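Trainee: Pasting a structure below so you can have a look.
The values are calculated or read from the model by the stated rules, or taken from the named source; none is laboratory data. Quantities reported herein were computed from a predicted structural model and do not represent experimental measurements. Cβ coordinates were reconstructed from backbone atoms using ideal geometry, including for glycine residues, and neighbour counts include every protein chain displayed. Side chains are part of the model used for accessible areas, which takes the heavy atoms of the whole protein and leaves out ligands, DNA and RNA. Shrake-Rupley method; radii C 1.70, N 1.55, O 1.52, S 1.80 Å.
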Amino acid sequence: MKKTLIILLLSSITCSFAQNVAPKPFGPVPTANQLGWQKMEYYAFIHFSINTYTDMAWGYGNEDPKLFNPTKLDCRQWAKICKEAGMKGIIFTAKHHSGFCLWPSKYTDYSVKNAPWKNGKGDVVKEMSEACKEYGLKFGVYLSPWDRNHPDYGKPEYITYFRNQLTELLTNYGDIFEVWFDGANGGNGYYGGANETRKIDAKTYYDWLNTYKLVRKLQPNIVIWNDGGDRADLRWVGTEAGYVGETNWSLLNATGDVPEDMLRHGVEDGNAWVPGEVNTSIRPEWFYHEREDRKVKTLPQLLDVYYHSVGRNATMLLNFPIMPNGLIHEKDEKAIQELTKTLKETFKQNLAKNAIASANQTRGTKELFSANRVLDNSGDTYWATNDDVKAASLTLDFGKTTSFNRFLVQEPIQLGQRVKSFTLEAFVKEKWIEIAKETTIGYKRILRFPTVEATKIRLNILDAKSCPLISNIEVYKAPIILTPPTIIRDKEGLVSFVSGDKESEIYYTLNGSQPTAKSEKYTSPFKTSDGKVDVKVISYNPFTKQSSIVNEESFDVSRKSWKVISTDDQNANKLLDGNAGTSWHQKRVQSISPELVIDLGKTETLQGFRYLPAQNWWEEGSIITNFQFWVSKDGAKWKLVSEGEFSNIKNNPFWQVKSFEPVVAKYIKFTALKTAQESSAPGYAELDIITSK
Ligand code: FUL
């Protein structure tokens with residue numbers, strides 16, 4: 001009896017002693033390079049190349065280097081804008097798919113060497129790297145594996161060429177923090193004059209593992225981004241729309257294909273640490289197009305990107321397209337300044353700083369892992385529980401009623417990502433109320449919710465892979481930024497607005513003027529004329545007298561009299577309903593390119609068309625990448641007025657606009673020549689025409 005007691009006592013002492021030591025890492029953990037990269041949180045992309053001068057998304061590879069002639073190129077302007085925005089680095093498109101090199105590579109003539117800019121003596125990569133150094137930013141390079149110019153692309157010789165270029169970039173421009181190997185691979189191109197389609201097997205062609213070795217040898221502190229082939233250090237999140245999943249594991253499996261869905265969420269029990277990087281552009285496209293000067297992301301949109309990337313355990317890689325003159329557009333600069341101002345204001349004062357922390361479970365007996373470690377401003381210390389615990393709660397007592405709407409929480413990921421689910425509660429009027437129920441945390445999670453007034457908050461870890469560890473908690477009150485409503489105009493010309501916010505009223509104009517709280521108030525969908533309509537709308541909060549920015553849409557003639565005549569499928573009408581969220585997938589008959597024929601009901605003078613791919617394409621079908629657009633006066637004799645590719649549509653599936661010489665027609669025919677996933681059903685969210693004035 002005595003003996004058992006002693007043994008029990010001894011084992012409990014050893015046990016609690018054991019628990020005074022730090023928990024062991026659980027599962028895959030980041031490398032030092034990945035950890036350093038994750039802490040950067042927010043950095044920029046710059047897209048600038050020969051196709052800046054041809055208004056294209058992807059250069060074909062035959063564009064004349066003489067076109068490259070920026071008159072005001074100033075990399076310091078780019079670096080200054082990024083620095084002032086609080087970004088930590090810049091990744092620059094040294095070579096995009098066209099193959100045009102922005103540095104004087106020894107291995108090709110297709111570069112700035114043959115451009116009139118600085119009489120062929122210029123080197124944009126050098127100027128960019130120096131500007132980064134001057135502004136204290138890290139520098140990264142984008143080197144497209146796909147090269148639509150090079151005659152050897154598709155042959156083994158090209159790999160030597162590719163590695164030679166990589167060696168130049170990773171040797172001559174100082175420290176490189178990240179290298180980007182884009183996944184767009186193979187397809188048609190100039191290829192030294194062959195003008196053909198070249199297919200490669202992205203998994204084997206580049207022999208990535210040996211390329212990675214070279215990269216790491218030349219730049220030991222680098223992280224490698226690659227969305228094709230062998231797993232690199234970082235992963236694409238499956239979309240360029242600017243978000244990663246709310247559930248976001250920094251894990252994948254080391255080999256094998258990764259479906260879009262997994263890219264978005266990571267893999268809970270993945271065996272490799274491959275964190276997500278959210279890449280998106282400040283405008284719809286990556287390169288500069290004047291027509292997008294009105295499409296720069298708004299403050300609410302940029303805030304969404306921030307909270308849906310940095311706020312969801314990823315980093316934010318935001319792109320600035322460079323104008324043909326060599327500068328960032330002032331509208332893009334203004335947009336990023338507004339974001340910076342709002343973020344600074346939001347994260348100015350941590351309301352949890354002086355709170356008293358307590359927990360219902362603490363590891364061992366020492367202070368080392370106590371609850372107040374989440375308030376000590378260090379990512380190396382953390383609150384921990386004993387090894388056998390999977391659920392625990394931590395309370396922060398503010399000592400007074402505190403009003404807040406943001407909650408920031410971090411795990412010490414150097415010991416692995418652990419938390420699977422958690423809730424957040426607030427102590428309001430002597431009662432605990434749940435304000436959020438979430439899944440993963442990871443390096444950083446920031447929750448947004450309507451303002452709460454409470455004296456305490458409680459973080460409840462409901463489940464974790466191993467004992468939960470929390471290194472940091474912060475609480476903030478962010479300024480309220482109203483989001484403008486989205487605008488829908490249906491087939492009949494009926495306009496409706498959708499607002500995410502219940503407290504606000506909606507005001508609009510139809511005459512091009514700026515809406516205010518004195519404009520027409522929206523109550524229910526209303527009819528507009530059948531002609532072109534310019535709709536402008538705001539949200540307005542009558543209590544705070546605050547207005548959102550304006551959202552605007554210019555609609556062409558209504559599609560009231562349109563009839564889809566190439567199919568009986570009633571679902572086809574979804575491509576005319578003005579709602580981006582509904583779509584139609586067209587049946588494909590063997591190898592025949594599906595045609596969509598529409599009777600416009602009356603003759604119109606057309607000068608272009610717009611196509612919006614199905615937004616849920618990964619669930620049902622596919623995005624059209626190559627098309628023909630035909631017109632006819634009688635539905636019998638057809639004229640081809642536009643043909644080509646929607647270059648980057650798969651990664652960036654938004655409205656595609658094509659223009660042509662004005663032509664009179666009563667019928668249109670859209671032929672889906674190729675889809676992103678071969679032989680799957682072409683999907684349409686919307687199809688519209690552009691008529692001349
Ligand atoms: C994509 C490319 O095809 C785009 O042109 C752009 O460079 C983007 C960042 O990656 O996949």
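Trainee: Would you mind computing the Rg to Rh ratio of segment 356-476 from its alpha-carbon coordinates, Kirkwood style for Rh?
Mentor: On the way: Rg = 13.3 Å, Rh = 14.2 Å.
Looking at segment 356-476, the ratio lands at 0.94.
Trainee: Please sort by residue number the trypsin sites (Lys or Arg not before Pro) in segment 396-475 whose DSSP state is loop and whose Cβ has at most 11 other Cβ atoms within 10 Å.
Mentor: Numbers: sites: 400, 406, 418, 420, 429, 431, 437, 444, 445, 448, 456, 458, 465; in loops: 418, 429, 444, 465.
Passing sites in segment 396-475 are 429.
Trainee: What are the ³J(HN,Hα) couplings of segment 88-93, residue after residue, when phi is run through the Karplus curve with 6.51, -1.76, 1.60 and θ = phi - 60°? Round to Hz, x for glycine and proline.
Mentor: Karplus-based 3J(HN,Hα) across segment 88-93 equals 10, x, 9, 10, 10, 6 Hz.
Trainee: Follow-up question, since we're still on this one. Go ahead and run the numbers for FRET between residue 20 and residue 345, Cβ-Cβ distance against an R0 of 35 Å, rounding to 0.05. Intermediate results must be reported in sequence, preceding the final value.
Mentor: Working: r = 42 Å, r/R0 = 1.19.
It comes out at approximately 0.25.
Trainee: May I ask you to list the trypsin sites (Lys or Arg not before Pro) in segment 217-308 that are in a DSSP loop and have at most 16 other Cβ atoms within 10 Å of their Cβ? Present the calculation step by step, with values, prior to reporting the outcome.
Mentor: On the way: sites: 217, 231, 235, 264, 291, 294, 295, 297; in loops: 231, 294, 295, 297.
When the trypsin sites (Lys or Arg not before Pro) of segment 217-308 are filtered for loop state and at most 16 Cβ neighbours within 10 Å, 294, 295 remain.
Trainee: Could you work out how much longer the chain between residue 566 and residue 163 gets when fully extended? Use 0.36 nm per residue separation minus the Cα distance between them, nm to one decimal. Present the calculation step by step, with values, prior to reporting the outcome.
Mentor: Details: separation 403, 0.36 × 403 = 145.08 nm, distance 5.01 nm.
Length gained, residue 566 through residue 163: 140.1 nm.
Trainee: Once you list every other residue whose beta carbon is under 9 Å from the beta carbon of residue 346, what net charge do they have if Lys and Arg are +1 and Asp and Glu are -1? The partial results should precede the final answer.
Mentor: Numbers: positive: 344, 348, 406, 477; negative: 345.
For residues surrounding residue 346, the net value is +3.
Trainee: In degrees between 0 and 90, to the nearest 10, how far off the longest principal axis of the chain does helix 208-218 point, with axes built from Cα atoms?
Mentor: With rounding to tens, the tilt is 70 degrees.
Trainee: Could you work out how far the C-alpha centroid of segment 625-647 sits from that of segment 479-512, in angstrom?
Mentor: A separation of 34 Å, based on Cα centres.
Trainee: Which angle from 0 to 90°, rounded to the nearest 10, does the C-alpha axis of helix 75-84 make with the longest principal axis of the chain?
Mentor: 40 degrees
Trainee: Can you list the residues, at least 5 places off or on another chain, whose amide H is less than 5 Å from the amide H of residue 674, using H built in the peptide plane?
Mentor: 625, 626
Trainee: On a 0 to 90° scale, report how tilted helix 124-134 is relative to the longest principal axis of the chain, with both axes built from alpha carbons and the result rounded to the nearest 10.
Mentor: Value to nearest ten degrees: 30.
Trainee: Semi-axes of the equivalent ellipsoid for segment 563-691, please: Cα gyration tensor eigenvalues, times 5, square-rooted, ordered largest first, whole Å. Write down the numbers at each step before the final one.
Mentor: On the way: eigenvalues 95, 47, 41 Å².
So the equivalent ellipsoid measures 22, 15, 14 Å along its semi-axes.
Trainee: If you don't mind, there's one more thing I want to ask. So for the chain: antiparallel DSSP bridges make up what percent, rounded to the nearest 5?
Mentor: Numbers: 105 of 137 bridges.
So the antiparallel bridges in the chain amount to around 75 percent.
Trainee: Right, another one. Based on alpha-carbon centroids, what's the gap between segment 38-61 and segment 660-674 in Å, whole number please?
Mentor: One Cα centre to the other: 31 Å.
Trainee: For segment 371-471, which GluC sites (Glu not before Pro) are in a loop by DSSP, counting at most 11 other Cβ atoms within 10 Å? Walk me through the numbers before you get to the answer.
Mentor: Numbers: sites: 425, 430, 434, 438, 453; in loops: 430.
Those satisfying the criteria are 430.
Trainee: Further question: Each residue of segment 260-273 in turn: what ³J(HN,Hα) in whole Hz from Karplus with 6.51, -1.76, 1.60 and θ = phi - 60°, glycine and Pro shown as x?
Mentor: Per-residue couplings from phi come out as 3, 4, 6, 4, 5, 10, x, 10, 3, 10, x, 9, 9, 7 Hz.
Trainee: Quick one: which residues, 5+ away or cross-chain, put their amide H under 5 Å from the amide H of residue 559? H built at 1.01 Å from N.
Mentor: Placed amide hydrogens put 493 under 5 Å from residue 559.
Trainee: Could you size up the charge dipole of the chain around its Cα centre, putting +1 on the beta carbon of Lys and Arg and -1 on that of Asp and Glu, and report it in debye to the nearest 20? All intermediate terms of the calculation are to be shown ahead of the outcome.
Mentor: Values: 86 positive and 82 negative charges, 243 e Å.
Value, rounded to 20: 1160 debye.
Trainee: For residue 204 and residue 503, what does the FRET efficiency come to when R0 = 45 Å and r is the distance between their Cβ atoms, rounded to the nearest 0.05?
Mentor: Details: r = 56 Å, r/R0 = 1.25.
For residue 204 and residue 503, the calculated efficiency is 0.20.
Trainee: For the chain, what does the helix formula give at 222 nm: sum of -39500 (n - 2.57) over DSSP H segments with n ≥ 4, over the residue count, nearest 500 deg cm²/dmol? Each step should come with its number before you reach the end.
Mentor: On the way: 10 runs with 111 residues, N = 693.
After summing the helix terms and dividing by residue count, I get -5000 deg cm²/dmol.
Trainee: Using only Cα atoms, figure out Rg for the chain and give it as a multiple of 2.2 N^0.38 Å. Mind dumping the intermediate values first?
Mentor: On the way: Rg = 27.8 Å, N = 693, 2.2 N^0.38 = 26.4 Å.
Ratio of Cα Rg to 2.2 N^0.38 Å: 1.05.
Trainee: If the cut-off is 13 Å between C-alpha atoms, which aspartates and glutamates fall inside it for residue 431, apart from same-chain ones fewer than 8 positions away?
Mentor: 453
Trainee: Convert each backbone phi in segment 505-516 into a coupling constant with the Karplus relation 6.51 cos²θ - 1.76 cosθ + 1.60 (shift: θ = phi - 60°), then list the ³J(HN,Hα) values in order as whole Hz, x for Gly and Pro.
Mentor: Listing the rounded values in order: 9, 10, 10, 8, 10, 10, 10, x, 7, 6, x, 9 Hz.
Trainee: State, as an integer percentage, the relative contact order of segment 40-346 based on alpha-carbon contacts under 8 Å between residues 6 or more apart.
Mentor: Details: 659 pairs, mean separation 62.5, N = 307.
Worked out over segment 40-346, it gives 20 percent.
Trainee: Something else about it: Summing +1 for each Lys or Arg and -1 for each Asp or Glu, what net charge is found among the other residues whose Cβ lies under 9 Å from the Cβ of residue 396?
Mentor: Working: positive: 456, 458; negative: 397.
Summing Lys and Arg as +1 and Asp and Glu as -1 gives +1.
Trainee: Would you grab the residues whose amide H sits under 5 Å from the one on residue 472? Only those 5+ places off in sequence or on another chain, please, with H modelled 1.01 Å from N.
Mentor: 410
Trainee: Now for a different question. Can you give the accessible area of residue 597 in Å² (nearest 10), computed on protein heavy atoms with a 1.4 Å probe?
Mentor: 20 Å²
Trainee: May I ask for log10 I(q)/I(0) of segment 486-555 at q = 0.16 Å⁻¹, from a Debye sum over the Cα atoms as equal point scatterers with solvent left out?
Mentor: -0.50
Trainee: Could you work out how far apart the two model spin labels at residue 637 and residue 580 are, taking each label as a point 7 Å from the Cα in the direction of the beta carbon, and quote it in nm?
Mentor: It works out to 4.0 nm between the two label points.
Trainee: Residue 107 versus residue 67, label points 7 Å from Cα toward the beta carbon: distance in nm?
Mentor: The two pseudo-label positions are separated by 2.4 nm.
Trainee: To continue, here is another question. Run the reach check for residue 574 against aspartates and glutamates, Cα to Cα strictly under 18 Å, same-chain hits fewer than 8 apart removed. What comes back?
Mentor: 490, 492, 556, 595, 599, 619, 620, 686, 688
Trainee: Right, next: Antiparallel versus total DSSP beta bridges in segment 40-346: what percent is that, nearest 5? The partial results should precede the final answer.
Mentor: Details: 7 of 37 bridges.
In segment 40-346, DSSP labels about 20 percent of beta bridges as antiparallel.
Trainee: Counting Lys and Arg as +1 and Asp and Glu as -1, what is the net charge of the other residues whose Cβ lies under 13 Å from the Cβ of residue 637?
Mentor: +3
Trainee: To continue, here is another question. For residue 595 and residue 513, compute 0.36 nm times the residue count separating them, minus their Cα-Cα distance, and round to one decimal in nm. All intermediate terms of the calculation are to be shown ahead of the outcome.
Mentor: Values: separation 82, 0.36 × 82 = 29.52 nm, distance 4.02 nm.
Result for the pair: 25.5 nm of gain on full extension.
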